[in-house]
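Reading through the C-alpha cells given below for one structure.
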Amino acid sequence: MSTAAAPNYELIQQDGLETNLLEVSMGPHHPSTHGVFRMDVKLDGETVVDLRPVFGYLHRNHEKLAENMSYLSSMPFTDRLDYFNSMANNWAYALAAEKLIDVEVPERAEYLRVIMAELTRLVNHISLVGFFINDLGALGTPLLYAFREREKILDLFEQASGARMMCNYFRFGGLRNDVPEGWLDRAGEVVDRFPAFLDEYEQLLCENEIILSRTQGVGNLPRELAISAGVTGPMLRASGMAYDLRKVDQYGIYDRFKFRVPYTDGDTGDCYDRFMIRMLEMRESIEILKQALAGIPEGEIMGNAPRVFKPKPAESYGRIEGPKGELGFYLIADGSPKPYRYRVRPPSLINLTVLRDMCLGGKIADAVIILGSIDIVLGEVDR
Amino acid sequence: MTILGGGIFKGMAVTLRNFVGSYINKKERLPTNDYSWRPDGDLPQGIGDYPKEEGEQLSDTTTVTEYSRNFPMLLHDGGEPMDTVRCVACQICERECPPQCIYIEKDYDENGKYIKRPAVFDIDVSVCMSCQICVEVCPFDAIVMNSQFELSTPDRFGGLLVRRDDLLKSNDYYHQIHPEEAAARDQKMAVEKAAKEAKKKAAAEKARAAAEKKAVEAAKEEAK
Amino acid sequence: MSLELLIATVPLMLIFATLFAFTTWLERKALARIQNRIGPNKVGIPCTRIGLFGLGQPAADGIKMIFKENIVPRGADRLFHLLAPILALIPSMLVLCFLPLDFPWLNENSVKAFLLDGAVIFFFAITGLNTLAVFMAGWASRNKYSLLGGMRAVAQMVSYEIPLVLSAVIVVMMVGSLNAAEIAKAQTGGDWFVFSPWGFAAFVIFFIAALAETNRSPFDLPEAESEIIAGYFTEYSGFKFALFFLAEYIAMFAISGLAVTLFLGGGDGPGLAVLPWLSVIWFLAKIFALIAVMIWLRGTLPRLRVDQLMGFAWKFMLPLSILNIFVAGFAWHAEQLDNTFITVITWVISLAILYSAASGLNQLNRGKVRPREYKYAE
Amino acid sequence: MNELSHEPVLHQFPNAEWDEAAGAVIAPLGLARTMAEWLLGHGVDYCSNVTGVDYLEREVKEKITNDAGKVETVTRTEPARIDVVYHLYSMQNKTGPLVLKQRTSRDNAEAESLTPVWRSCDLQEREVFDLFGVNFKGHPDQRRILMWDEFEGHPMRRDYTEPFDYEWEPTPHNEILEKHQKGKVIV
C-alpha cells in the first residue's frame, strides 16, 4: 500500500557532492495537466522520485448545489461535470432518478439515448487520443484532426439539442425533444464516414516509432491494483479486465446490440494499451451506432414523468459506462422535490488514485503522458 | 521485416494528404469553413470579418439551427407588448432557474389589485447558462429561448442585465427563428385553450341548466 | 575595405531578416494546412480588409513583440537574462557569412566571406556558442522549468554536435578542403554528395542532428511545451523573446545552408550557364526545401523522451556516422581505381552495410517495442 | 447484473443490521474493517462509490399498527448521525451492488477506513473527511482534498453556513441577489 508521503527533503550524496531534489509544482496552470490539476513532483534530474496530486482548484461543490434545487434543475449542471461528455452525464443522472420515480422510457427515446451516448464516446475517445498525442509532444496535428471530426458530431448534437457541449438533452423518462427531420440520415452519414477517419488516424499514429517507444512500457498498471483502486473504463480494460457496464449491467437497451469489448491479457497495461483500447472501442461504438440507427422506431419521445416531482423516500444508485469509466449517481430522496443527498461517483477522480504508483521512477515526460492516458476532465475531478 | 522508420513515413504521408486535401476537399477537411449548406454556398459579405464596423449587427438567424438556444425571451401575442404578454408573473421559472438569474416582481394596479403580468422581469445574461429549464417549467408558454447571440456590450452592469421591455418579443418573431417549435407550441396552446374553453362551456352549460332547473322549480313552487 | 564589408554583409542580413519573416508566415500557414486549419489570413494591408493571405502577420507580430512589456522575474539575474537572447542571435547571424552565396553585386575583390579557409570548422565552432546562450537563459530566468530546459539543451546540443561534425567530415574527406566555396565547387554539374550511399547516409545523419541542434521537432525537448512549459524561454517576453525566435530561425537557415553546401551542391542547378546569378536562387530554394521538410516533420511527429534522445545520439547516430566514415574512405579508394564495375560493387556493398547497420542498431535500441494484438470479449 | 446477496454477510456477522428501506447493510461499530476483509475474501473486489450522508436530528412521524390493531401516528426523534456509504461490487463474478454503511455520530464523527482493503476508497474517503468531517481511523494519508488545507468547517454538512469572506466583485447579478434577499427566501 503506497500512498503519498509527507514531503521530506533528503539530500543525496553523490561523489562527495551534496545535491537536493528539485521540487516542481506542475500546475495548476501548466499546458498539459488538462485543466487546473496540480502535481507536486520531486525530481532527481529528470526522474520522478515523488509525486503528489493536488485537487480542488475547480471545486464548486456541485453536490451541495444539487441538494438545494429540484431534481430537474440540476440536470444542466451535470453537463458541466465532464464537459466533453454531457450526454453521458445526463444519462447517468436520468438513470438514477428514474429508479426513484419508476417511469417507463419510450422505445424511441431509448434508442436515441444509445445513439447520443455512443456519439459522445466517439467524441471523447478521439479527443483523448488527440490530447494524449499532444502530451507526447506532437504539435496538435492529431488533436486537430480529432477536433475536425468532433466538429461534425457536435453539429449533430447542436441540431438535436440546441447546444454543442452543454446539451442538457436527457429528461427523466425520455428526452427533451425529438430529433429534427433528417437528423438520423445526417448521423448515419457521419457514422459511415468515421471508420475512414479512424483508418487515417491509425495510419498516422499506431505504427509511429516515436509513439511506440514513448508509450510502451510506460505507466504499467497491474490488473490487481487496477481492480482494487476502482479504476474503470478503458483504463481497466487496458489492464486486462474485460469489465464493461454496457455488458454487465445492460442498462438501457444495450442487451439488444451486438458488440465486443476490447481488452488486453494484462501483461502490460501501459500507456500504449490505454491508447489502443480507446482506438478499438471507437470501432465497436460505430457498430452499435449502425445497429441503433438501423433499428430506431418511430414513436413518443417522453414518458409520463412530470417535470417537477416528489419521489418517495428511497435510495438509488445509477451507473453507466461513461467514456471515462463508471459514472455513477447516488441519490437519496426524502419526499421533498429536492434530493436529500446527491452524489456523483466521478471516474476521473477515482482513476487518479493510481497516478502516483504509475509515475514513480519514470521521467517527467512520462508523468505527463501517464496523466494524459488516464483521461481526466477537471470539471469532474473537482466537481 | 519493417522498413526503417516506416511508421514515421506513413505518418508523414497522412499529413501530406491532409495538407493537399485542405486545398481540394473543403467539405471533408475544413468542415468549419464549409458553407455549402447555405443557399449561396458562401458566407454573406463581411460575416467572416470581425470586429465589424461600429453599430453593425449580425442579425442573421440562418446560421443557427431549429433547436438552437441562447438566452430566454418573453413572448407576447402581438400589438402593444404589455397588453398581450403571456407571462402572469407566477415566478415558477424564477424558482426553478438553476443559476438563479431571473428576478420577477408582480404588477399591481393603483388599488393594489394583482394584474396578471410582471412589473419587473430581469434576466442577468452574464449568469444565465442557456439551459432552457425556465422554458420547460413555464405553464403559460410565456418564456422561450431566443437565438440572438450578439449581446456583447461595453457596459458590464446595465448591458448584461436584460430588462422586461428588451425581453419582450412577439410570437411572430418566435415563428421566424424557430418555426417548427413555435408551430408545435401554438398547436399545443390551441388544444389546451380549446379544452379549457370546452370545460368552461360545460361549466357554463351546467350552471345554466342548474339555473333553469332552479327557475323551473321556482315556477313550480309558485304555481303551487 | 570597410565599405566593401558593408556591401557584402548588410544585404545578407536584410535578406535573411526578410526571409525569417516570410518563414514564420510559411511555417504557420503550412502547419495550419497540415492540421486542416486556414492559418493567418486576415492581416494584410493596414486599415483595409485586404488580406493578402495573411502576409502582414509577421510584421504585426513584430510590432506586437517590440511594444510588449519586458518582464524579468524577481530574483532573476538581470544581466544574463538580457545577454542570453543577444548571445543566441550573434553566432547564428555570424555563420550566415560563411555560406557560399554568389550575390551578383559582389565582385572578385569584395570581401567574400566564404573565401575563408576552414569555414566548416569555423561554422561548428561558432554554432557551439548557442548552447551557452540557451543555458544562460535557462539559468538566469530563475525558473525551474527554464532550468530543466537549459539542462536538456546542453546535453542535447553537445551530444548531437558529434554526429553533425562526423557526417560533415565525409565531405571534407572527399573534397580535401574545409573551404565552403571549394566544397560547393566540387559538386557542380549535378555531382552532389547526397547522390551516393555514404553521402546520403551522412546527409540524413546531418539533417537529423541539425534538427536536434536547432531544437526542432521531434527533438524540441529544451522547449517541450507539454512538459516544461516553454523550457529555457519560459520567462522571456517581448523583444527578448523575439530575439530568441529570430535566433532560432536564423540558426535554421544557417544549418540548412551548411547542409546545402555540404551535400546538396551549394548553388548548383540547371540554367547557371545562361544566368550565373541563378545560383543564389537555387541555394535559397534548397534551403527552403529543407525548411519545408522541417515544418512537415514538426507537423507530424511527437517528441522523444530525454533518455531516448540521448540514446539515439550515442547508440545510433554516433556508431552509424563512424561506420559511415570508414565506408566513405573505402569507397573513395575504390573510386580512384576508375573502374565502373568496381564502383557499382562498392555502391551496392556500402548501401547494404549502411542499411543493415542502421536497422541492426535500430533493433538493438528498440527492444520489445512493436504494435500489439488485442483480445475481445463478447 | 445479478444481485449480490446480503444474506451471507448477515449470517457471518450477526451484529450487522439490514436496512430494508435503503437496501443497505449497516456495519456495527468497529467491525467494518473485518467485514470488508471478509467481503474481499469472498469475491467483492471492487468498491465503486464511497460517500457520506449527513442526517440532522429530526422528528419522524410514522404510522404504526398498535397492539389493539389500530393504525396510529407516532412521533419519534431520530438522532443526528452521519452515514458513510460504500457501494460494493464484484468484478470477477459481475455481481452487485452491496451497500455497506458505517453509522457514526455527528459530533465526534469517526469511522474505520477501508482504504487498506480497497484502494479506491483512498481519495473518496479523503473527500468524505474533507466535506463531512468524518475521521477515518487507519487511513494512510488523511488530508483535505477539495478544500484548501486552511479551510475551516465541512461544507457538505447540512448545518454548514458559508462565511462571508469570499472575494467578490460587483456584477449585475448582485442586484438580483439583493432583491432576492430583500424580497423573499431563496428557494
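Observations
- C:Ser226 under 30 Å from A:Gly27 (Cβ atoms) and among the polar types (S, T, N, Q): yes
- Filtered by the rule that a residue be β-branched (Val, Ile, Thr) and more than 15 Å from the chain's Cα centre (by Cα), region C:126-157 gives C:Val134, C:Val154.
- Considering residues of region C:25-75 that are of a type in the set (Gly, Ala, Ser) and assigned to a helix (DSSP H, G or I) only, the residue nearest to the chain's Cα centre (by Cα): C:Ala30
- Criterion violated by C:Ala328 - all others in (1) under 22 Å from the mean Cα position of the chain (by Cα); (2) more than 14 Å from every other protein chain (Cβ to nearest Cβ); (3) surrounded by 22 or more Cβ atoms within 10 Å (Cβ to Cβ) satisfied: (1)
Residues are listed down the side, and each one gets a yes or a no for (1) more than 10 Å from every other protein chain (Cβ to nearest Cβ); (2) among the charged types (D, E, K, R); (3) under 14 Å from A:Ala66 (Cα atoms):
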site: A:Leu331; (1), (2), (3): yes, no, yes
site: A:Gly335; (1), (2), (3): yes, no, no
site: A:Tyr340; (1), (2), (3): no, no, yes
site: A:Val344; (1), (2), (3): no, no, yes
site: A:Asn351; (1), (2), (3): no, no, no
site: A:Leu360; (1), (2), (3): yes, no, no
site: A:Ala365; (1), (2), (3): no, no, no
site: A:Ile370; (1), (2), (3): yes, no, no
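- Strands (runs of 3 or more DSSP E) (entirely within region D:45-112) containing at least 1 residues that are in contact with a His (Cβ under 7 Å, 6 or more places away or on another chain) and touching a residue at least 60 places away in the same chain (Cβ under 8 Å): D:46-55, D:95-104
- Residue that is nearest to the chain's Cα centre (by Cα) [pool: residues in region C:214-238 that are assigned to a helix (DSSP H, G or I), crowded, with 24+ Cβ neighbours inside 10 Å and more than 11 Å from chain A (Cβ to nearest Cβ)]: C:Pro222
- In the set C:Phe16, C:Phe53, C:Phe80, only one residue is farther than 28 Å from A:Leu144 by Cβ and surrounded by fewer than 18 Cβ atoms within 10 Å (Cβ to Cβ); that residue is C:Phe80.
- Residues in region C:346-374 that are closer than 30 Å to C:Trp332 by Cα and within 14 Å of chain A (Cβ to nearest Cβ): C:Ala358, C:Ser359, C:Leu361, C:Asn362, C:Gln363, C:Leu364.
- Members of region A:265-276 that are over 19 Å from the mean Cα position of the chain (by Cα) and either away from chain C (no Cβ under 11 Å) or outside any loop (DSSP other than H, G, I, E, B) (or both): none
- Evaluated against (1) without any contact (Cβ under 8 Å) to a residue 60 or more places away in the chain; (2) surrounded by fewer than 18 Cβ atoms within 10 Å (Cβ to Cβ), B:Met129 falls short on exactly one condition, (2).
- Qualifying helices (runs of 4 or more DSSP H) (wholly inside region B:84-182; at least 2 residues being of a type in the set (D, E, K, R)): B:92-96, B:164-167
- Some residue of region A:277-294 being within 12 Å of chain C (Cβ to nearest Cβ) and under 30 Å from D:Ile145 (Cα atoms): yes
- Filter result for the condition that a residue is more than 14 Å from chain D (Cβ to nearest Cβ) and either buried (at least 24 other Cβ atoms within 10 Å of the Cβ) or not in a helix (DSSP H, G or I) (or both), over A:Glu202, A:Glu181, A:Glu189: A:Glu181
- Some residue of region B:143-162 being in contact with a helix residue (DSSP H, G or I) (Cβ under 8 Å, 6 or more places away or on another chain), exposed (fewer than 12 other Cβ atoms within 10 Å of the Cβ) and farther than 20 Å from B:Val88 by Cβ: yes
- Count - residues of region A:244-259 that are within 14 Å of chain C (Cβ to nearest Cβ), surrounded by fewer than 15 Cβ atoms within 10 Å (Cβ to Cβ) and either assigned to a loop (DSSP other than H, G, I, E, B) or not acidic (Asp, Glu) (or both): 2
- Restricting region A:156-178 to residues that are within 30 Å of C:Gly299 (Cβ to Cβ) and more than 8 Å from every other protein chain (Cβ to nearest Cβ), the residue that is nearest to the chain's Cα centre (by Cα): A:Met165
- Selection of region D:130-155 for residues being polar (S, T, N, Q) and within 12 Å of chain A (Cβ to nearest Cβ) yields only D:Gln142.
- Within region B:86-134, considering residues that are more than 10 Å from every other protein chain (Cβ to nearest Cβ), under 18 Å from the mean Cα position of the chain (by Cα) and of a type in the set (A, V, I, L, M), the one farthest from B:His76 (Cα to Cα): B:Ala89
- Residue-level analysis places C:Leu284 outside the set of residues that are over 21 Å from the mean Cα position of the chain (by Cα) and farther than 30 Å from C:Glu335 by Cα.
- Qualifying residue in region D:42-61 (condition: more than 10 Å from chain A (Cβ to nearest Cβ), of a type in the set (A, V, I, L, M, F, W, C), surrounded by 15 or more Cβ atoms within 10 Å (Cβ to Cβ) and touching a strand residue (DSSP E or B) at 6+ places or on another chain (Cβ under 9 Å)): yes
- Breaking point among (1) loosely packed, with under 12 Cβ neighbours inside 10 Å; (2) in a helix (DSSP H, G or I), for D:Val9: (1)
- Close Cβ contacts (under 6 Å, 6 or more residues apart or on different chains) running from residues in region C:265-279 that are touching a residue at least 60 places away in the same chain (Cβ under 8 Å) to residues that are among the β-branched types (Val, Ile, Thr) comprise C:Asp268/C:Thr188.
- Where helices (runs of 4 or more DSSP H) sit wholly within region A:55-168, those with at least 3 residues that are β-branched (Val, Ile, Thr) occupy A:107-136.
- Checking each residue in region B:177-224 for being in contact (Cβ under 8 Å) with a residue 40 or more places away in the chain and not basic (Lys, Arg) picks out B:Ile177, B:His178, B:Pro179, B:Glu180, B:Glu181, B:Met189.
- Among (1) over 30 Å from A:Thr141 (Cβ atoms); (2) within 21 Å of the chain's Cα centre (by Cα); (3) outside any helix (DSSP H, G or I) - the single one A:Pro262 does not satisfy: (1)
- Within region C:331-345, restricting attention to residues that are of a type outside the set (Gly, Ala, Ser) and surrounded by 12 or more Cβ atoms within 10 Å (Cβ to Cβ), the residue that is nearest to the other protein chains (Cβ to nearest Cβ) is C:Ile345.
Taken together, the values in this text are just the output of simple stated rules run on the coordinates, not laboratory data. Quick caveat: nothing in here was measured; it's all calculated off a predicted structure. Don't worry about glycine lacking a Cβ; one is built from the backbone with ideal geometry, like all the others, and counts go over all protein chains shown.
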